[in-house]
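Before any comments, here is the structure.
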Amino acid sequence: MTTVTPSQAPVTPPSGLARFWRRAPSSLRVGAIILAIHVVVAVTGPLWAPYGVAQMGAGIPLSGASLAHPFGIDQLGRDVFSRVVHGGHIVMLLALSGTLLGLVIGAVIGLLSGYLRGWIDEVIMRLVEAMISIPFLVLGLLAVSAAGPELSGSPLLVIMVVAFLYAPRIARLARSAALEIVTKDFVTIARLRGESPWSVVRRELLPNTTSVLLVEFAVRTGYAPVLVGSLGFLGFGMRPPTPEWGLMISENRTLLLASPVTVLGPGLMLASLVVGLNLFTEGLARILGRTVQIGQR
Amino acid sequence: MTEPLVAVEDLAITYGQGVEALAAVQSVGFTIGKGEAFGLVGESGCGKSTLAYQLMGYRHPAARATGRVLFKGTDLLALAAPALQRLRGDRVALVPQNPTTALNPAIRVGTQLAEVLHVHGRAASVEAAATRAAELFERVGLPTPRTIGRRYPHELSGGQQQRVCIAIALACEPDLVVLDEPTTGLDVTTQEQIIDLLIELRGRLGMSMLYVTHDLGVLAQIADRVGVMYAGHMVEVAPTEELFSSPRHPYTRGLIAAIPRLDGGPRSPHRLRGYLRRLELPEGCAFAPRCDEAEPSCAQRRQTLEAVGPGRAVACQRWRALGAIDTAGAGDGAEVAATDGASVLDVTGLTLRYGRQGVLARLAGQVPPVVVRDVSFSIKAGETFALVGESGSGKSTIARAISGLLPLVAGSIAFQGQALAPALAARTPDQMRRIQYVFQNPDASLNPRARVASILGRPIAKYLGLDEATARPRIEDALREVRLDAGYARRFPDQLSGGERQRVAIARALVAQPTLLLCDEVLSSLDVSVQANVLDLLRALKRETGVAMLFISHDLAVVRELADRVGVLFRGTLFEIGRNADVFTPPFHPYTHELLMAVPSAHLKRRRVPRRDSVALQGAACSYAGRCPWQKGETCVTAPPPWREAGNGLRIRCHLTLDELTAKAVWRAEGAAA
């Protein structure tokens, strides 16, 4: 027995951002600051970057770091700092949209599979497990080569590959979240009403799994830039001269001894974005995770 | 008077701080003498468990307590943690509400008991602990006490698990046992056995008891004195018999009136209305908003316990004016509806197995056991047919099969004269609409992330093809039909009380304008007072809408009040079926009789029949054989019992003749006995 009736449970009132900020975990706050800087740079960067994306002759190639060229000059005489600034939005958009697509596909497959059960569920889940058992990059490369040369180098392909890699993992999570809910009587009622599986998933399962799925989305988004960068580094992502950070690290890696800063620059940016995203999403996951508990009571 | 074992003085417990502070218990005082059984009763949320846990010296970290809780003269509130630890389980022991969660599933029950002995230094060695454990297991009536300690909790039934918990509580021969709703989760028959055990143990060991429950009927059997709590206040304290014969406080009166009566006789008109809203309490008497006798000054003036007789006290300023309240009064009893209508549901020879079968299990040739065997009954338009039996009797399974959730093994179901496809997918949308299901637990049957408007709106849209704008008045009608305000449409389920949630669940079924309502234990997760209100609602709906109901319940008293016809089910076999009044008068089937005898009643003293071992024989022709107190010998094991017609459509399936059954019946309805 509880002496606290539901209506008295501490409900966080719709308070201002300031109050939220004060109560938020410190990881979320630090992450948010780092992310904010990245977003500002990505959005406004093209306006104030000292040089153009592919503008050659910005300085003496491989001249090292200086005040005018903080990340140095690459082999072709392009200003690496300007290129990094120009590339910010590409990395972020690829990571976000890839994860989002993966979330949508994974959630739909997982929730349907968890609701339908039976042989459909068995088949889908064995496929999903098979995909998960293949290492990330190997599967990614497989997908890129399967897509064929006409798509090669397009941002769409990168997004699809990220989604393709994430969807099975999200599907498995969504299924396990669904399994907990399908046994509840309100789902049985919907089944008795003759609702279609899609309608049950949309009306009954999805609203009750949002917290879990959002947490997963947040965490996956944090790692997506690494994936995008890795694909770029291996030459399976964007094509030169796109200022995608992973690609830039790959292009300049031969210069590592001559002008290390041309690799360190984009590397640091990528690292700080990933750290920022991870801190932010980890904090967010903790907040969302708490609402999960409050919801279940 | 000698010094009491426990004296609680001016105790107040508050959760939280500042504006959000919630006073769970306010200025409560009572005593428990040596060897006395004190009962605490009240609705959910009245603070009775919070209060009971104080006697264990347990307090939620967010709670603050003032006042004194004296146990043998020591104040438990002031006691340091190590001293409390020595006390708990040793001098004061707890029997928890839910034995399934109270026992550690990974540890053998004997080890769990021995742990208590070791912690308190009551066993010199492992062997001594084992001997003592066997002794205790025997004392609480567990089978094979020497070996049962090696079992894990999941290998025991719910009743046996509770016996283990009681054995653990008794291990150190405590002075006080705190029982927190120890029988609430159990079957009627199991509950009866546990209460018998507690009465017997108390008589033998002479320990004091604090018995917390929402069920006054149970307290009538076991408590010497009863304290009634409302919203953290003790509103009445009285010796048990006086409390029942002349309750002083209007709330006590309401609680007693809420107990359904088996005699089908008049029900008191003093029903409790509304429910406890702790955020909207007046400054004065907390019960004033729900009280029929309240005067304007009640809401302002604080009520304190005032002695009204030897050992009696009541916190009501109007007690003198109200006098001793007559518990019996005029009211509507069970009404028998005209049941000459067309047949809505015909179930013939229904046989069911439970559960979905996995591919692997099927390959391995495993067949799930049959849980319902050859059950036949029919329900006419506007009629309420009740299926009663203990858990595991297959009542819900039958409802699931009718609803299309479970495939049939044999038999047939006809709905409005037409054969009903067993699989849901093969049924017409109209059939789906006409058969509606209301589940036991409204917490699980309402989508927590959907507002009431959409919970009710979806079936309207689905069945009647209405859009949102035209559905709105329908939603309001539906809410009104279950006596809820239109404002509820905007709420989420967790903003409703248990009773309100069940009303919404019933409303959701009603918007489909069903012909048949399957009510699966719809009252059993509700408080007694809320139960009475929902029961009234169901009765009114039956009258107003003429819907036929399959009412599944283990609670005979509720069935007695609501049903037109009754079927008694044991282990998937129907043993008795007939009109309500006929089922509740002799001749009884032995199992019906056992169920009737098990119902705790506030209105009569306990009568007992000698029990046989409570385990039915496996594989006997009559599934009740072995457990049956009136068994006829070998015949019951070898030959299936025949149906006997007792007139008026009453049929009993037993080897005993009707005359024998009538002669053996001990149980009489209270009204008839008087």
Residue in segment B:41-56 that is nearest to B:Gly203 (Cα to Cα), counting only those that are within 9 Å of chain A (Cβ to nearest Cβ) and in contact with a His (Cβ under 9 Å, 6 or more places away or on another chain): B:Lys48
A:Gly88 fails exactly one of (1) at pLDDT below 90; (2) out of contact with any His (no Cβ under 9 Å at 6 or more places or on another chain), namely (2)
Please work out if B:Thr144 is surrounded by fewer than 22 Cβ atoms within 10 Å (Cβ to Cβ), within 14 Å of another protein chain (Cβ to nearest Cβ) and not in a helix (DSSP H, G or I). no
What number of residues within segment B:529-546 are of a type in the set (Val, Ile, Thr) and in contact with a Lys or Arg (Cβ under 8 Å, 6 or more places away or on another chain)? 1
Which residues, counting only those in segment A:104-125, are crowded, with 22+ Cβ neighbours inside 10 Å and within 18 Å of the chain's Cα centre (by Cα)? A:Gly106, A:Ala107
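Does segment B:501-522 hold any residues that are more than 18 Å from B:Ile398 (Cα to Cα) and either hydrophobic (A, V, I, L, M, F, W, C) or free of Cβ contacts under 8 Å to residues at least 40 places away in the same chain (or both), and which are they?
Scanning segment B:501-522 gives B:Arg503, B:Val504, B:Ala505, B:Ile506, B:Ala507, B:Ala509, B:Leu510, B:Val511, B:Ala512.
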Complete set of residues in segment B:394-409 that are of a type in the set (A, V, I, L, M), modelled with pLDDT of 90 or more and either touching an Asp or Glu at 6+ places or on another chain (Cβ under 8 Å) or over 12 Å from B:Thr348 (Cα atoms) (or both): B:Ala399, B:Ala401
Segment B:510-546: number of residues that are over 24 Å from B:Leu556 (Cβ atoms), within 14 Å of chain A (Cβ to nearest Cβ) and either in contact with a strand residue (DSSP E or B) (Cβ under 6 Å, 6 or more places away or on another chain) or outside any helix (DSSP H, G or I) (or both): 4
Test for A:Ala224: is it farther than 30 Å from A:Pro70 by Cα and either part of a helix (DSSP H, G or I) or within 14 Å of another protein chain (Cβ to nearest Cβ) (or both): no
In segment B:162-205, how many residues are under 19 Å from B:Thr131 (Cβ atoms) and outside any helix (DSSP H, G or I)? 3
Among the residues of segment B:112-131, are any in contact with a helix residue (DSSP H, G or I) (Cβ under 8 Å, 6 or more places away or on another chain), surrounded by 18 or more Cβ atoms within 10 Å (Cβ to Cβ), among the polar types (S, T, N, Q) and over 27 Å from B:Leu70 (Cα atoms)? yes
Per the list (1) out of contact with any helix residue (DSSP H, G or I) (no Cβ under 8 Å at 6 or more places or on another chain); (2) more than 19 Å from B:Ala171 (Cβ to Cβ), residue check on B:Ala63 breaks on (1)
Please indicate, with yes or no, whether at least one residue in segment A:17-31 is out of contact with any Gly (no Cβ under 6 Å at 6 or more places or on another chain), at pLDDT 85 or above and surrounded by 14 or more Cβ atoms within 10 Å (Cβ to Cβ). yes
Looking only at segment B:432-460, how many residues end up being free of Cβ contacts under 8 Å to residues at least 40 places away in the same chain and in contact with an Asp or Glu (Cβ under 7 Å, 6 or more places away or on another chain)? 2
Select from segment A:227-272 the residues that are aromatic (Phe, Trp, Tyr) and assigned to a helix (DSSP H, G or I) and write down the one among them that is nearest to A:Val85 (Cα to Cα). A:Trp245
Among (1) on the phi > 0 side of the Ramachandran plot; (2) modelled with pLDDT of 90 or more, B:Gly572 falls short only on (2)
So A:Met92, is it in contact (Cβ under 8 Å) with a residue 24 or more places away in the chain, within 14 Å of chain B (Cβ to nearest Cβ) and surrounded by 18 or more Cβ atoms within 10 Å (Cβ to Cβ): no
Here is a list of conditions, (1) within 14 Å of chain B (Cβ to nearest Cβ); (2) in contact with a helix residue (DSSP H, G or I) (Cβ under 9 Å, 6 or more places away or on another chain), and A:Ile249 meets all of them except one; can you say which number that is? (1)
Extreme residue, surrounded by the fewest Cβ atoms within 10 Å (Cβ to Cβ), among residues of segment B:2-40 that are of a type in the set (A, V, I, L, M) and either without any contact (Cβ under 8 Å) to a residue 24 or more places away in the chain or within 12 Å of chain A (Cβ to nearest Cβ) (or both): B:Val19
Selection within segment B:639-659 - assigned to a loop (DSSP other than H, G, I, E, B) and closer than 12 Å to B:Thr573 by Cα: B:Pro640, B:Pro641, B:Cys654
Count of segment B:394-442 residues which are within 30 Å of B:Glu500 (Cβ to Cβ), part of a strand (DSSP E or B) and either hydroxyl-bearing (Ser, Thr, Tyr) or out of contact with any strand residue (DSSP E or B) (no Cβ under 6 Å at 6 or more places or on another chain) (or both): 1
Out of all the residues in segment A:181-217, which are crowded, with 21+ Cβ neighbours inside 10 Å, of a type in the set (D, E, K, R) and more than 8 Å from chain B (Cβ to nearest Cβ)? A:Glu216
Given B:Ala37, B:Ala21, which one is within 20 Å of B:Ala286 (Cα to Cα) and of a type in the set (A, V, I, L, M, F, W, C)? B:Ala21
Spot the failing condition for A:Ile159; the list is (1) surrounded by 15 or more Cβ atoms within 10 Å (Cβ to Cβ); (2) modelled with pLDDT under 90, and only one is missed. (2)
Only listed residue being away from chain B (no Cβ under 13 Å), closer than 30 Å to B:Gly465 by Cβ and either in a loop (DSSP other than H, G, I, E, B) or in contact (Cβ under 8 Å) with a residue 60 or more places away in the chain (or both), chosen from A:Ala167, A:Ala174, A:Ala163, A:Ala178: A:Ala178
Do the conditions hold for B:Gly206, that is, is it under 24 Å from B:Leu556 (Cβ atoms), out of contact with any Pro (no Cβ under 7 Å at 6 or more places or on another chain) and surrounded by fewer than 22 Cβ atoms within 10 Å (Cβ to Cβ)? no
Matching entry among B:Arg64, B:Arg59 (being within 14 Å of chain A (Cβ to nearest Cβ) and assigned to a strand (DSSP E or B)): B:Arg64
Some residue of segment A:66-77 being free of Cβ contacts under 8 Å to residues at least 60 places away in the same chain and of a type in the set (Val, Ile, Thr): no
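The values are calculated or read from the model by the stated rules, or taken from the named source; none is laboratory data. These figures come from a predicted structure and were not determined experimentally. Virtual Cβ from ideal backbone geometry, glycine too; neighbours counted across all protein chains shown.
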